[in-house]
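Bear in mind these aren't lab numbers, they're just calculated from the coordinates by the rules spelled out. Small disclaimer: the values here were computed from a predicted structure and weren't measured. Virtual Cβ from ideal backbone geometry, glycine too; neighbours counted across all protein chains shown.
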Amino acid sequence: MNQFKVNKKEVKEVFKKHDKDTGSVEFQISQLTNRITVLTDHLRSNPKDNSSKHGMLKLVGKRSRFLSYLRKSNLSIYEGMLTSLGIRR
């Protein structure tokens with residue numbers, strides 16, 4: 001099984017609010033972080049893959065927008081997300 005799918009299931013269990021949660025900000029940030037870490041590992045072994053690098057930078061920007069929204073709306077959850085996911089800010 002793909003490493004991304006295994007991590008997605010683990011992360012989904014931690015950050016979901018209910019059984020079918022896919023749209024909450026916390027869940028989306030966790031999924032984007034998971035995809036970014038997978039792409040980072042890929043880019044370490046394939047440094048000239050510019051299309052993957054471009055896609056990863058788009059994901060980082062999207063996650064940044066979600067994080068700024070979460071910071072404005074609920075600061076305590078924002079700080080908890082940063083520590084639990086290991087995101088530097």
Some residue of segment 34-44 being touching a helix residue (DSSP H, G or I) at 6+ places or on another chain (Cβ under 6 Å), within 16 Å of residue 11 (Cβ to Cβ) and polar (S, T, N, Q): yes
Considering only segment 44-76, state which residues are exposed (fewer than 13 other Cβ atoms within 10 Å of the Cβ) and either closer than 16 Å to residue 25 by Cβ or touching a strand residue (DSSP E or B) at 6+ places or on another chain (Cβ under 8 Å) (or both). 61, 65, 68, 72, 73, 75, 76
Of all residues in segment 13-33, which are of a type outside the set (Lys, Arg) and out of contact with any helix residue (DSSP H, G or I) (no Cβ under 9 Å at 6 or more places or on another chain)? 13, 18, 19, 23
If we keep just the residues of segment 28-51 that are of a type outside the set (A, V, I, L, M) and under 18 Å from residue 64 (Cα atoms), which is farthest from the chain's Cα centre (by Cα)? 40
